[in-house]
Amino acid sequence: MDRKKITIVGAGNIGSTLALLLARRETADITLIDINEGIAKGKALDIMEASPILGFNAHVVGTGNYEDTANSDVVVITAGFPRKPGMSRDDLLFKNFEVVKSVSEQIKKYSPNAFVIVVTNPLDVMTYTALKVTGFPKEKVLGMAGALDAARFAYFISEKTKISVENIRAFVIGGHGDDMVPLKNYTTISGVPVTKFLSEEELNKIIERTRFGGGEIVQLLKTGSAFYAPAAAILEMVISILWNKRKIIPCSVYLDGEIGEYYGASGLCVGVPIVLGRNGVEEIIKLDLSEEEWQQWKKSVESVKRLVEKLHL
Ligand code: LMR
């Protein structure tokens, strides 16, 4: 049986961690591409040399040439500049726009039927960039954010309540920026509302920490941003698509007013809960938001909109 093919653009920390995670699950054969060909080849070879011990049969190859990425089923864009301490994700806008634009042109040329998962920041605007430049259907271009933000939210809840992470279902929507919207009303522990376990003050502290979760790691690392949790979040999305799991995962997707009565956002990509399956975005889940959440959502969407307007795409 032919294996699926996944291309990861960028062989940095996220790209290489993701390659190892995907290979271990034998999800597909993987092409790791980087402008620094040696890094892509070296990391791919290193992963393959782990395969006899870890026992996986997926093939990982490194390259600097887009021809080797041809006919990928999924392309994950991790390439771009990470932020440094003191910077916001939005400060990366113009530099990373050029990167994502040129990568998207190559994807369009070599893998016209691929799903595209965007990881580069500022996430929502880079997802929009990939959508516009590739011209791919809106169901097939997604940004990875809610999966990561919800994982952080869940971990912090688990840390505080001392209840297994496996029991926690957390929800975060909105832009992947400092005003993202963690939804406490949709966050549960084994189906029980999280508000039964934590006081409002405790929850608010956790929500604040979640909003700045990426920045907390940037402050600690000093020379880059998070990669283990982002790679895990991408893995969840890829598997949901390739194995048609139809998981509900908040992802940044293009909203065109279809669900305007709930979200009021249109003409941009921003994080909403979707059913993710073999067709990509199979359904957008409508949520009732409280007045407070609704205000936060509007603020988050406005921030994304301001960035999109700077780009003239
Ligand atoms: C994250 O949330 O870890 C990423 O968006 C990277 C960053 O700069 O925070």
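Odds and ends about this structure:
- Bridging of K132 to aspartates and glutamates at a Cα separation below 16 Å is possible for E98, E105, D124, D256, E309, once same-chain residues fewer than 8 apart are set aside.
- Length-normalised contact order for the chain - Cα pairs under 8 Å, 6+ apart - percent: 17 percent
- Relative contact order of segment 1-155: 20 percent, from C-alpha pairs under 8 Å at least 6 residues apart in sequence.
- Rounded to the nearest 20 debye, dipole of the chain from Cβ charges on Lys, Arg, Asp, Glu: 300 debye
- Pair-distance profile P(r), taking every C-alpha pair of the chain, with 10 angstrom steps and integer %: 6, 28, 36, 23, 7, 0
- For the pair S199 and S164, a Förster radius of 22 Å applied to the C-beta separation gives a FRET efficiency near 0.60, rounded to the nearest 0.05.
- Straight-distance crosslink candidates among lysines, where the alpha carbon sits under 19 Å from K184 and sequence neighbours closer than 8 are dropped: K160, K162, K196, K205, K286, K298, K299
- The residue among G277, I8, S164 whose Cα reaches farthest toward the positive pole of the charge dipole of the chain, with charges on the beta-carbon of Lys, Arg, Asp and Glu, is I8.
- Cα shape, segment 144-262, gyration tensor, a/c 1.5 rule: rounded
- For segment 237-251, backbone phi angles converted through the Karplus equation (6.51, -1.76, 1.60; θ = phi - 60°) give residue-by-residue couplings of 5, 4, 5, 4, 6, 5, 9, 6, 6, 6, 7, 8, 9, x, 9 Hz, Gly and Pro being listed as x.
- Evaluated with a Cβ-only charge set (Lys, Arg +1; Asp, Glu -1), segment 107-182 carries a dipole of roughly 300 debye about its Cα centre, given to the nearest 20.
- Across all directions, the average projected area of the convex hull around the alpha carbons of segment 1-144 is 8.6 nm².
- Whole-number percent relative contact order across segment 1-59, with pairs defined as alpha carbons under 8 Å at least 6 apart: 39 percent
- Just the protein heavy atoms count here, and of the accessible area of the chain at 1.4 Å, carbon and sulfur take up 51 percent.
- Distance (nanometres) between label positions extended 7 Å along Cα→Cβ at H59 and D288: 5.4 nm
- Largest to smallest principal axis extent of the C-alpha atoms in segment 95-153, angstrom: 38, 26, 14
- Amide H to amide H, with H built 1.01 Å from N, V76 comes under 5 Å of T7, I8, V9, I117, counting only residues 5 or more places away or on other chains.
- Given charges at Cβ of Lys, Arg, Asp, Glu: the chain dipole, positive-most of S104, V141, V308: S104
- Derived scalar couplings ³J(HN,Hα) [segment 279-289; Karplus, 6.51 cos²θ - 1.76 cosθ + 1.60; whole Hz; x for Gly, Pro]: 9, x, 6, 8, 7, 9, 8, 7, 10, 8, 9
The values are calculated or read from the model by the stated rules, or taken from the named source; none is laboratory data. Predicted, not measured: the structure shown is a model, and the values here were computed from it. Virtual Cβ from ideal backbone geometry, glycine too; neighbours counted across all protein chains shown. Accessible surface is based on the protein model in full, side chains and every heavy atom, while ligands, DNA and RNA are left aside. Shrake-Rupley method; radii C 1.70, N 1.55, O 1.52, S 1.80 Å.
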